[in-house]
Amino acid sequence: MKNLFTDHPASVGENYFEHLFTATRFSLGLLIAALARLVHAVLPFLFVKTGSQRVTTLYRHMVSQRDRRGRLVDGEVVE
């Protein structure tokens, strides 16, 4: 039987708690970006670049972490 809590984290080179921390941190970053864009939608003079800058930063971090562990091929990490 697959271990639902460890198979995916292991596939990206993390243990459960590393993945929990990383995924939580990433989701909070996305939440900040979404809230900034929501405020910007109502008040277009505020947070003009905040949302897109946050998403760009998160993407760069995700890619650099993936490259550090190995490259992904069809969703699998290849060393």
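The values are calculated or read from the model by the stated rules, or taken from the named source; none is laboratory data. For clarity, every value in this text was computed on a predicted model and none was experimentally measured. Neighbour counts run over all protein chains shown; Cβ positions are idealised from the backbone, glycine included.
So that you can scan it fast, the table gives a plain yes or no per residue for (1) of a type in the set (K, R); (2) at pLDDT below 95; (3) in contact with a helix residue (DSSP H, G or I) (Cβ under 7 Å, 6 or more places away or on another chain):
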position: T50; (1), (2), (3): no, yes, yes
position: R54; (1), (2), (3): yes, yes, yes
position: T57; (1), (2), (3): no, yes, no
position: R60; (1), (2), (3): yes, yes, no
position: R71; (1), (2), (3): yes, yes, no
Given (1) within 14 Å of the chain's Cα centre (by Cα); (2) exposed (fewer than 13 other Cβ atoms within 10 Å of the Cβ); (3) among the β-branched types (V, I, T), index of the condition V42 fails: (1)
Tally time: how many residues in region 18-66 are within 20 Å of H8 (Cα to Cα), touching a residue at least 12 places away in the same chain (Cβ under 8 Å) and among the charged types (D, E, K, R)? 1
Enumeration of residues in region 9-39 that are part of a helix (DSSP H, G or I), surrounded by 15 or more Cβ atoms within 10 Å (Cβ to Cβ) and small (G, A, S): G29, A33, A36
